[in-house]
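The values are calculated or read from the model by the stated rules, or taken from the named source; none is laboratory data. Remember, it's a predicted structure, so these values are computed and weren't measured experimentally. Here the Cβ is made from the backbone with ideal geometry for all residues, glycine too, and neighbour counts use every protein chain on show. To get the accessible areas, we keep the full protein, side chains included, count just its heavy atoms, and leave off ligands, DNA and RNA. Shrake-Rupley method; radii C 1.70, N 1.55, O 1.52, S 1.80 Å.
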Amino acid sequence: MVKQETMLDLEFRSWLLEQPEGETLLRCYQCGRCTSACPVAEIEPSFNPRLFLQKILIGDKSIAENQLVWNCLTCEQCEVRCPEHVKIPHILILAKVRGLMAGNVPLAALDRARTIISEGRSLSVSSPMLKTRTKMGLPDLGTPSMDQIVAMLADIGIVGKLENVKSVYGDAEDE
Amino acid sequence: MKKLFLCTCNKTLNKWLDYARIEKEMGSTFDAIHIHDALCLEEGLTFLDSEVSAEDSVVIGACTSQIIGAPMSKRLKCEHISYVPLREQVAWVHKDDQKGASSKASVLLHDAAIQVDYMDPQTIVETDIEKKVLIIGGCIAGLKAASDLLKLGVEVMLLEPSEWSRKSYEEMNQFMAESSNLKDAIRDLVLSSKKAKTVRGKITELSGNAGLYQISLKHDSGKEESNLVGSIIVATNAEHSPPPIAKMCRYGKSDRTLLITELPTLIAKQAAKDTKTIFVAVDPSHQLSTVEGSYLLRTITQASEKGNTVILAHSDISTKDENLYRAARKAGVIFVRGSLEKVKDSKKGMVCRLENTLESQVREFTVDYLVLQTQLKPSRSTGQLANVLGLELDQNGFIKTRYSKMKPVQTSKRGIFFAGSAKTTWWPWLFNQSRRDVI
Amino acid sequence: MTKTAVVIGAGLAGIQVAQQLTDLGIVVHLIEKESIIGGLSTHLGRVFPTGDCALCLDASTEIFDGQHRRCQYRGLVTEKKNLKLHTLTEIKSISEVDGNFKISIKSQPRHVDLDRCVVCLECIEVCDVNTPDEYGIRGGTRKAIFRPIPQGVPLAPLIDMEHCTKCGKCVDICKVNAIDLEEKESTKTIKADALILATGVEEKVPLDFPGYEYRTSEDIITHAELARLLDPAGSTNGEVTTSSGNTVSEVTMVLCVGSRDLDAAEYCSQACCTYSLKHADMLRDLGIDVTICYMDLRVPKSSEHYLTLAREKGVKFLRGKPDSVIIRNGKPMTIVEDTQSQKRMQIESDLVVLASPLSPLADQNDALAEFIGEYGFISRVAKEGRVYACGTATGPTDIPTSIAEANAIALQVYTDLEGGV
């Protein structure tokens, strides 16, 4: 069903183009090879990387407000096949970042982001896990350099904001 | 004497054809019959030398006329010669039927015998060729033709449209190249074609043939003159015309609607901070040519680089230079694929509505300007000109090529050629039109 | 003094420029690396925009009246007195001395003397060797002494020494003593006043384009191969078959395989849209369903009727660049998003035809390196007043443009050499 929408608000597009590698988006000529290469699109027809790029290109920020973008596995199959070298997974990450601040983020992802700020890792490491690692002969994980990590995250403006974000999907979201 | 020479062609033709029977059947038709192997080789040619005198009529039955014809015509002293391609037309096509093949050979040889009887002696016809070319101008290609021909020492008469100036070349040809390149090219060409006699006016009558055409010209001043030229080059331009959607887009009614040809002027006048939103629409019924596509891409790139927000509604993007398309995308032009459905002139701006087929969604854009891609049509004078010159037109009203694959710059009439967009496509080079006059 | 020009490449543009120059009184050496002239045209069967035989030539004024068309076979290019054709010949080096070029060439032996051979073709009959035919498809074969195509010029056969057993049967049957099995390669130096590069393009064999499994299946072919299938004079007599010999009922065409692609050919190959449409029309005439996957259809005005025809004949158009063509259940399957319905499709067909880029041949020869420009193409005036280029050597294009360019270059060369009349 075709629905009508009005534009033009280019704020989201401009923001994205200013980010590192963001302007590779402009190279896109909408051939659709990314979508046909995408393993997620094969299973979930509504997941369409080419369509995401088209929406961002014409200033439509709905992709940053939709949970669908979180389905991207960042497998980079699309980027490998893109004839114009658009950094598609990276652009989708930027869209996730944008959505994240407004709460378009699965709780699990938000938790991991917070774990990085607090522990320097995306997953907390429990003592049973460390024991298993030792048993398997895996090397010591060491201690993350928290000072540097927090400084970096503060630099990109995450620290202090993430704490207040609430996932619009709440706890109900399944993984 | 009427003589028949049959070639056995490495002893193959007499294997497929019954030469003994043919010799017998042809006995009464010819005064002498010779059978020889490989007539086209030196020993065969020497044999022909010794057997043929200038008064003879000769029929040669051999492989194909093109293998044997060229070397033999140089060696045979006589004028009346007919070649019968026995191998190509008989042996190869009737391989399994020696009897039938031999009968066909006899018939062909017999016909050739009659043919040589009716041949007229060769006469040399002298024709006057006027080493002068008329270029019916208006297109930059006409200037290039003039310049090239002058370099060859050919006299050139350049017939330009009424009230024409160098500036007209820049304005009328701007779609062909980047404006700075175009200006330079025109300056050089005007300089190098200075020796051409320039007339402003039109051609009113044509008679004669290739090599010697009589033309009547009517100058803008009212003066009439008659001239002889060897050849004519039609280099009338194409014209930009508003597309069919122009009316729906309120072209001519609203100040917000422009043609793409007017956009460069608008951008040039624009103050640095006064950026606009511009919607450029290509008529969906029109398949963009590469020239049109390149011009479109160059123009919208410039508009976008000036800080304007440019949206292009298009179907297939056509250009010879993929990098023009890349540059337009890089400049930030927003491409939507679809055809303009509805346009509303409101206080806030022109509201342009279309379905973007790449997302199956209807979108509305409120913009400061709506710019329409033009369509290149033959210049207004083309029909009348073709009438005067007796040339055929194609279904779009452009002058038709004689044979579009191998004779791309020839019109339907010998000695009349075209250059440039008189014929929908444009080559930045000029063509070897008046070879015949040059030699 | 008579001026000499060397034309490198005897494709349509090379032949045209050579004929024009000889008509203008210039001595021309036409250098061709293959055994016959015609270049790409010898592979194509019918060509646009007229749909007639690819071997058609614009006849020279010297032998004919210059107004009639002649095919290469009947064109007598080899009979022109100022035109010396060197087949099986490559450029070894080019040097410039006192404003003249010294071009050294190396010719491979043909083993058949062009001045002696009467083209009776008995030698081909007696040859016992059968080897795959470069012009054939679906198992077509040829002899060790052979003619690549029947209309090829020069008409005389040649011997492929790689497969020849030197049994001597051809030598025995040739009563005009045209065959020399021991002929050696020869080198020669030509002095020339001008050099014209008409080196042309080839259809790149899409072996290394990821996703399209050209390497693994005989049912994934290129347009040049499809042209061989469609050619009534080809090894399948014009029948379009799969690798297993079955008749084909569905064909999918993929455009821009490697063209407009930063990883392969960055440029647009220009001709593929039109020849895909031409082939689609021909396939529809055989009752075969055709789907064309495209990004932008770029059809020159002179060939627009192919697009109209394709639409009328019910060719299906799908806007999207396939990610991959894979083999599923023994058949090629094209995976593509129809960008205009946002649906990801898997199209099964009997045959997939890839429009591979047209890539320049000039950059395959080191001797020409100094003239090569962007993407391996050459600008029309590669060196002011001395070295020129025309035809697809300057960029992929259609035949009319090549011919017009060849005419233009001939005039330019003449002007530069003779300095006007």
List the relative contact order of segment C:127-204 as a percent without decimals, with contacts defined as Cα pairs under 8 Å and 6+ residues apart. 19
Given the pairs A:Lys96/A:Lys166; B:Lys273/B:Lys348; B:Lys15/B:Lys74; B:Lys405/C:Lys321, which are separated by over 22 angstrom at their Cα positions? B:Lys15/B:Lys74; B:Lys405/C:Lys321
For n ≥ 4 DSSP H runs only, could you compute -39500 (n - 2.57) per run for chain A, divide by its residues and tell me the 222 nm figure to the nearest 500? -12500 deg cm²/dmol
Grab every C-alpha pair in chain C, bin the distances at 10 angstrom width from 0 up to the longest one, and report whole percents. 4, 21, 29, 26, 15, 5, 0
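Kirkwood hydrodynamic radius, computed over distinct alpha-carbon pairs, for segment B:266-317: how many Å, to one decimal?
11.8
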Can you tell me the alpha carbon radius of gyration of the protein assembly as shown divided by the globular rule-of-thumb value 2.2 N^0.38 Å? 1.11
Pairwise burial B:C, computed as accessible area of each alone minus the pair, summed, 1.4 Å, Å²: 5900
Dipole magnitude of segment B:296-430 about its Cα centre, charges +1 at Lys/Arg Cβ and -1 at Asp/Glu Cβ only, in debye to the nearest 20? 440
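Can you pull out the GluC sites (Glu not before Pro) in segment A:1-73 that DSSP calls coil and that have at most 15 other Cβ atoms within 10 Å?
Here the GluC sites (Glu not before Pro) that fit, given the DSSP loop and packing criteria, are A:Glu21.
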Loop-resident sites, segment B:142-216, for GluC sites (Glu not before Pro), counting at most 10 other Cβ within 10 Å (DSSP): B:Glu163
Residues meeting the amide H criterion for B:Leu393 (H placed from the backbone, H to H distance under 5 Å, 5 or more places apart or on another chain) are B:Lys400
Can you work out ³J(HN,Hα) from phi for every residue in segment B:210-227, in order, using Karplus 6.51 cos²θ - 1.76 cosθ + 1.60 and θ = phi - 60°, giving whole Hz and x for Gly and Pro? 3, x, 8, 9, 9, 10, 10, 10, 10, 6, 4, 5, x, 5, 10, 8, 10, 9
Expected 222 nm ellipticity per residue - DSSP helices of 4 or more, -39500 (n - 2.57), all of chain C, to 500: -5500 deg cm²/dmol
Quick one: what does P(r) look like for chain B with 10 Å bins over all Cα pairs, in whole %? 4, 17, 18, 14, 14, 12, 10, 7, 3, 0
Please figure out what share of the DSSP beta bridges in the protein assembly as shown is antiparallel and state it in percent, rounded to the nearest 5. 45
Under 16 Å Cα to Cα from C:Lys3, which aspartates and glutamates show up? Leave out anything in the same chain fewer than 8 places away. C:Asp23, C:Glu96, C:Asp98, C:Asp193, C:Asp416, C:Glu418
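Which whole-number percentage describes the relative contact order of segment C:303-420, with Cα contacts under 8 Å and a sequence gap of 6 or more?
12
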Phi to ³J(HN,Hα) by Karplus 6.51 cos²θ - 1.76 cosθ + 1.60 over segment A:52-61, Hz, x for Gly, Pro: 4, 4, 4, 4, 5, 4, 9, x, 8, 9
Can you tell me the accessible area per residue over segment C:112-207, all protein chains present, probe 1.4 angstrom, in square angstrom? 47
Sequence-distant residues sharing a close amide H with B:Lys132 (under 5 Å, placed H): B:Gly230, B:Ser231
Of B:Lys400/C:Lys204; B:Lys202/B:Lys269; C:Lys278/C:Lys331; B:Lys11/C:Lys184; B:Lys197/B:Lys320, pairs whose Cα-Cα distance is over 26 Å: B:Lys400/C:Lys204; B:Lys202/B:Lys269; B:Lys11/C:Lys184; B:Lys197/B:Lys320
Using the alpha-carbon atoms, what tilt in degrees (0 to 90, nearest 10) does helix C:272-285 show relative to the longest principal axis of chain C? 70
Relative contact order (percent) for chain B, with alpha-carbon contacts under 8 angstrom and 6 or more residues of separation? 13
Taking Cα atoms, the helix C:12-23 axis meets the longest principal axis of chain C at an angle in degrees (rounded to 10) of 30
per DSSP, antiparallel bridges as share of beta bridges in chain C, % nearest 5, sits at 55
Taking square-rooted eigenvalues a ≥ b ≥ c of the alpha carbon gyration tensor, is segment C:112-209 rounded, prolate or oblate, where a/c under 1.5 means rounded and, failing that, a/b exceeding b/c means prolate? oblate
Radius of gyration and Dmax over the Cα atoms of segment C:244-392, both given in Å: 18.3, 60
Computed ³J(HN,Hα) along segment A:26-36: with the Karplus parameters 6.51/-1.76/1.60, θ = phi - 60°, integer Hz and x for glycine or proline, the list is 5, 6, 5, 10, 6, 7, x, 5, 4, 5, 6
Ratio of segment B:216-316's C-alpha Rg to 2.2 N^0.38 Å, to two decimals? 1.53
Can you show me the helix-derived [θ] at 222 nm for chain B, built from DSSP H runs with n ≥ 4 at -39,500 (n - 2.57) apiece and divided by the number of residues, rounded to the nearest 500. -8500 deg cm²/dmol
Chain B - accessible surface per residue (Å², probe 1.4 Å): 42
By the Kirkwood definition, with r running over pairs of different Cα atoms, segment B:26-127 has a hydrodynamic radius in Å of 14.6
Amide H of C:Ile179 versus every other amide H placed in the peptide plane: which residues, excluding those fewer than 5 positions away on the same chain, fall under 5 Å? C:Asp113
